[in-house]
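The values are calculated or read from the model by the stated rules, or taken from the named source; none is laboratory data. From a predicted model like this one, the values you see are computed outputs, not experimental measurements. Every residue, glycine among them, receives a Cβ derived from its backbone with ideal geometry; neighbour counts consider all protein chains shown. Surface areas here come from the heavy atoms of the whole protein model, side chains and all, with no ligands, DNA or RNA. Shrake-Rupley method; radii C 1.70, N 1.55, O 1.52, S 1.80 Å.
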Amino acid sequence: MAVRMRLLAITLFLAWIAPTAGAAPAFVFTKVDLKLLEESKDIDRDLESRGLVFHDAAVDQRLTAIGRSVLPEGALENVEWQFHVLRDPMVNAFALPNGSIYVNAGLLARAENDDQIAGVLAHEATHVANRHGYLGNRSIRRKTLLLNAASWVTWLPVGGVAGQVISWTASAGQIAVVLSVYGYSRELEREADVSGLALVKRAKRNPAQLARMMVLLDEKLEPEPVPILYNDHPRTRQRIDYLKQQLGTSDDPPAAEDRGYILAMRPVILQAVQLQIDCRRFRSAVANVELAAAQPGDAANLYLAGEAWRSLGPRRPRLSEHELTNVGLRAGYRASRKLTDDEEVRQLAASDEGRAALQENQANAESFFRRAATLDPAAANPYLGLGALYQDEGRTADALSAYRKFLDLSPGGADRDRVERRVVALSAAGGPK
Amino acid sequence: MISRRSFAAVLGLGLLGAQLAYELWPHIHPKLKDRKVVLRTAIILPARIELVKVGVHGSESMHEASETLSATLYRLVSAELTARGVQLLPNPAEPAPPDAVKYAIADLQAKYDNVGVQVRRNLDGLEKGKYTLGDRVATFEPARTADAFVFIRAHGRNLSKVFWATGPLFATVGGAFQTDIGVVDAHSGEVLAFLRTVLFKDPTAKSEERFPPLIREALRDVPLPIPAPRN
């Protein structure tokens, strides 16, 4: 009898804390939900005021048109659809419960065509329409309450330490917000993938491109943290498999680069590449800029391509097989957090392999800078790139000559101060005056 | 005879105290220490504050309180630097600047945060002149005449009363509000100083009284035009 009662209590409790995916169509807002809605609006304002939202009229218009084509039918209470480009180099997109959908510049730079973006937006719109943010928040709040209750129970018998550990685990971070940015539970993600696919089909766009986008997302260009024990988010490979199942195909969809898309997204791609160089995602920068640099007649693209190759230094443009294993990804990520860029470059350049990669990358960089200078003889930036490249190579006289050419071409530019300082430093170090 | 358990507890507390003292110690680049770089003019970038309320259901953001605290810390750090003879350039984020300046501020903040992860991991590295944001920081137009950028970061948890009931020690430590001030050379991008203060009280209450002595203490050993008064 007692066992039955306990089982009943456990069943009722589990039902209470379980996330209610596929909930009743009429969503009733509670006080907690309305608070989350307000938080979403705060996040919108914050991202905008902090300069993290990228504005370009043509890009915004294109993104909004793609987004509107895959929205679920009918109006939704407390949802105002908005589509934004986030100035973030990572390959990610997320939706806030109020209908604001953010696509990172890193994702737009990685995508090959509009239909892939449509797939991503349809997926995110499903999270909003099916109220996944609110459901996830409610579920987390219940679980946190349970964890806190457990911490108070363990507080007395074990002197408080275990209780406190549980308690701090429960209170770590703004869970609801983290949840909406980095992913929901497996069930909700799957629901968003499958419903997203249906929305793409309904918009008469190519649904196979959602699977292709997943393939692009699955390509690891940088060492990243890999969860050791449990990952709530379905693995991308699993997602590709069930999407292919839905599409009735067993092959990965082939690459589908659309020149029109790449030209239209050029400002975002350039932005993403610069951000990737700034935060040491050099391989991503090289991969993304290659597409943009393939467009003829653009000196700015070529200069940035040169910068991406120069910044790559002694690294290979793709991770090796060993680096792609979980152990390799973790080790690479740890090293990137521990070592400064200079230290990492010195360490890698100490090996034959690193030196070979360095030479190859520097040759690529020089070729891009020279092409940019030939294409637009009045452009100063290619000489800034050449100067930095020659300085890296220890070719002081060539570096000084390139920097002086830069100063001639751009006498009042924003870079003038730092280039003059470099010239002074190089001259003092023994270069020609 | 002291029991093993008590010894472990005393040792643990001692190590914790030593770690805290090390983190609160001002970490200064040799160039600044030796006055090879003099900070006469500086620009403070908008403070980034993360304050969350922790209750039995988990945490939620305290957006408004964070915004208020951000403005307060900006003002108090400005006041202390001015008192020490540093001329401050106007806040580049006020009034709302055009997109290009907004992006440039965001990029500087992001760069500082990226390097900040490494600085916090190894504060000794700063004293060896290891960390830099790169000389592209010099292209930030509003800081053209500045010698240094000042970055302010702070985070903390506002704990509900229930947490205080479970354990005052853990609640005090867990509810601590930590403020970091980073000083970066506006020409070379080198991180010149990293200073930390910790407030073991509610940061939203009496902030105008509680923070000034902490900020003064944090900046005390940083060579600035006017030396800090010695007690």
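Here are some notes:
- Among the residues of region B:105-133, just one is facing another protein chain (nearest Cβ under 8 Å), touching an Asp or Glu at 6+ places or on another chain (Cβ under 8 Å) and among the small types (G, A, S), namely B:A110.
- Filtering B:V37, B:V54 for residues that are within 14 Å of another protein chain (Cβ to nearest Cβ), surrounded by 10 or more Cβ atoms within 10 Å (Cβ to Cβ), assigned to a loop (DSSP other than H, G, I, E, B) and touching a Leu at 6+ places or on another chain (Cβ under 7 Å) leaves a single hit, B:V37.
- Exactly one residue out of A:D44, A:D88 is open to solvent by 20 Å² or more (accessible area, probe 1.4 Å), touching a strand residue (DSSP E or B) at 6+ places or on another chain (Cβ under 8 Å) and not in a loop (DSSP other than H, G, I, E, B), and it is A:D44.
- Restricted to region B:137-163, and to residues there that are open to solvent by 40 Å² or more (accessible area, probe 1.4 Å) and either within 21 Å of the chain's Cα centre (by Cα) or away from chain A (no Cβ under 12 Å) (or both), the residue that is modelled with the highest pLDDT is B:H155.
- When the test is whether a residue is within 14 Å of chain B (Cβ to nearest Cβ), open to solvent by 60 Å² or more (accessible area, probe 1.4 Å) and not basic (K, R), A:D415 does not pass it.
- All of (1) farther than 30 Å from B:H57 by Cβ; (2) open to solvent by 10 Å² or more (accessible area, probe 1.4 Å) hold for A:V70 with one exception: (2).
Residue-by-condition table, conditions (1) within 14 Å of chain B (Cβ to nearest Cβ); (2) of a type outside the set (D, E):
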| residue | (1), (2) |
| --- | --- |
| A:D33 | yes, no |
| A:F54 | yes, yes |
| A:A93 | no, yes |
| A:E112 | no, no |
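- Flag for A:R186 being in contact (Cβ under 8 Å) with a residue 60 or more places away in the chain, touching an Asp or Glu at 6+ places or on another chain (Cβ under 7 Å) and basic (K, R): no
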